[in-house]
1. Rounded, prolate or oblate: which fits region 329-421 when a ≥ b ≥ c are the square roots of the eigenvalues of the alpha-carbon gyration tensor, with rounded for a/c under 1.5 and prolate only if a/b beats b/c?
2. At 1.4 Å probe size, with every protein chain present, just tell me what the per residue accessible area of the chain comes to in Å².
3. Using +1 at the Cβ of each Lys and Arg and -1 at the Cβ of each Asp and Glu in region 47-121, identify which of Val111, Gly68, Gln80 lies farthest towards the dipole's positive end.
4. When the helices in the chain are scored as -39500 (n - 2.57) per DSSP H run of 4 or longer and the sum is shared across all residues, what 222 nm value do you end up with, to the nearest 500 deg cm²/dmol?
5. Considering only protein heavy atoms and a probe of 1.4 Å, how much of the accessible area of region 187-321 is carbon and sulfur, as a whole percent?
6. How far apart, in nm, are the 7 Å Cα→Cβ label points at Asn90 and Asn422?
7. With respect to the cross-link table entries Lys138/Lys170; Lys170/Lys258; Lys65/Lys89; Lys369/Lys483; Lys65/Lys138; Lys462/Lys483, which display a Cα-Cα separation exceeding 30 Å?
8. What dipole magnitude, in Debye to the nearest 20, does region 104-169 give about its Cα centre under +1 on Lys/Arg Cβ and -1 on Asp/Glu Cβ?
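The values are calculated or read from the model by the stated rules, or taken from the named source; none is laboratory data. As the structure is a prediction and not an experimental result, all values here were calculated from the model. Positions of Cβ are backbone-derived with ideal geometry, glycine not excepted, and every protein chain shown enters the neighbour counts. These area figures cover heavy atoms from the full protein model, side chains too; ligands, DNA and RNA do not enter into them. Shrake-Rupley method; radii C 1.70, N 1.55, O 1.52, S 1.80 Å.
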Amino acid sequence: MSDYILVLDEGTTSTRAMLFDGTGAFHGAAQEELTQHYPQAGWVEHDASEIWDKTLACAREMIAKAGGADKIACIGITNQRETVVAWDKNSGEPLARAIVWQDRRTEPFCVDLRAAGHEKDVQARTGLLLDPYFSGTKMRWLLDNDENVRAAAEKGTLAFGTIESWLTFKLTGGEHVSDASNASRTLLLELAGAQFDAGLCDLLGVPHAALPQVVDMSGALGETSADLFGRAIPITGMVGDQQAATVGQACLAPGETKATYGTGAFVLTNQGATIPTSKNRLLGTVLTQIGGERTYAIEGSVFVAGSLVQWLRDSLGIVDVASQTEELARSIPDTGGVTIVPALAGLGAPHWRAEARGLISGLSFASGKAELARAALEAMAHQTHDLATAFAADGTGWETLRIDGGMTANNWMAQDLADILNLTVERPEFVETTALGAAMLAAAGAGIHPNLDTAAQAMRGKLHSFEPAMDEDVREERLTRWKKALAAA
Ligand code: ADP
């Protein structure tokens, strides 16, 4: 009997395998940390072999815990988006280190493309901006700078893919596919186009032949090689992490909005079947594709969220563990004017200033660990407020905000978000909504539920609400202080 849905959640800092059942109940996880390689300032790389080895090890551990492959009904895959892997189709081995979404090395190429006047057209077609964040310019960089990648392109054996594509290739023993949500983050897929676009490939200098086939996000998407787990297990869900969290939060009707606070912060609002257009430098992206039918989302991405807390921990030594920021923030009534602009990797939406760098303003001799920790958490609400303003200007105001991600375990931060946004903020009791969303897509794809809506209703958990309670003048003071610091960054 097949009881479980196995989710492979391949994040930026770790990879996990998690077991769910058809009611959405969680039955445990195996997790392995991933090595982060920082060869130069602004560069971030992963070892794709390490990602595969650790994903496989975690999957095997959880399949054994479930009682064997016969107990696994289906697999759902969710992943860090935009990260590019180049591998050889024949050997199945990576040709270079994977270039991670945070990597800024392709900024000069983006500057050239923008200077040549391409951004408006690219934005209208792909929903994206010409920023190093997206996969396409990273692929071009590998072709220009890595001999192995170039040689494989010349031989016709080069495969490019994002992480779900890489994992599916390895799991199935050679299927080269990418789901529409991940594909929509490459700059190479038109929001209205079924497959990667030849004109966009030419513009970026990426060979079309090296790209995967774009497929649905739920349904019979592939089967694992029988020798991996002892039986061929169907892969029935594939989804980029932010789209997964949006589904996991059951934001399946137009206007429903979620914000995930992990390494970075990502806000998505469901736009239904309407292709999004933004006048405020927000992104348009594929939310779901099932049976060839798409829904879309408007998205604002902030590059630095939990990674700021990690920096406080690892580089400054202000806390031993991330959760200590909560007690530090609560130990003082305010930051005494200290403001952090977390532009440690440039500024994302809605500012899109790759060259901006971080700033701590308002320091005095009274500033200590608590002030810095509180200012770091306050920065999350400040950045989210900027997004809320941009979404509202695009005609997509939020009525409530559903939050998730590792950082939202922090109750102080969740309340501060409600206060600064002046909105009800809802947090599910089960905060792993990314994995849950992948489980919902996989469950619908395997026929455990008739469709995604019924899967989401059946599998979604209970919510905890945070209501705004801040005095208006305090709120105004906070936002004014933030605006000043931002202008200086
Ligand atoms: P990702 O999926 O991007 O790897 P997670 O969703 O696992 O990230 O969230 C981890 C991030 O959240 C880390 O950067 C960590 O610093 C931060 N974090 C985790 N717990 C807390 C907490 N209680 N308070 C503040 N930040 C936290």
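1. Details: a/c = 2.14, a/b = 1.31, b/c = 1.63.
Cα axes put region 329-421 in the oblate bin.
2. Working: 17600 Å² over 489 residues.
I get 36 Å² per residue for the chain.
3. Gly68
4. Working: 17 runs with 179 residues, N = 489.
So the helix-based figure for the chain works out to -11000 deg cm²/dmol.
5. Numbers: 2210 of 4330 Å².
It is 51 percent, rounded to a whole number.
6. Roughly 6.5 nm, to one decimal.
7. Pairs exceeding 30 Å: Lys170/Lys258; Lys65/Lys89; Lys65/Lys138; Lys462/Lys483.
8. Details: 9 positive and 10 negative charges, 15 e Å.
Dipole size: approximately 80 debye.
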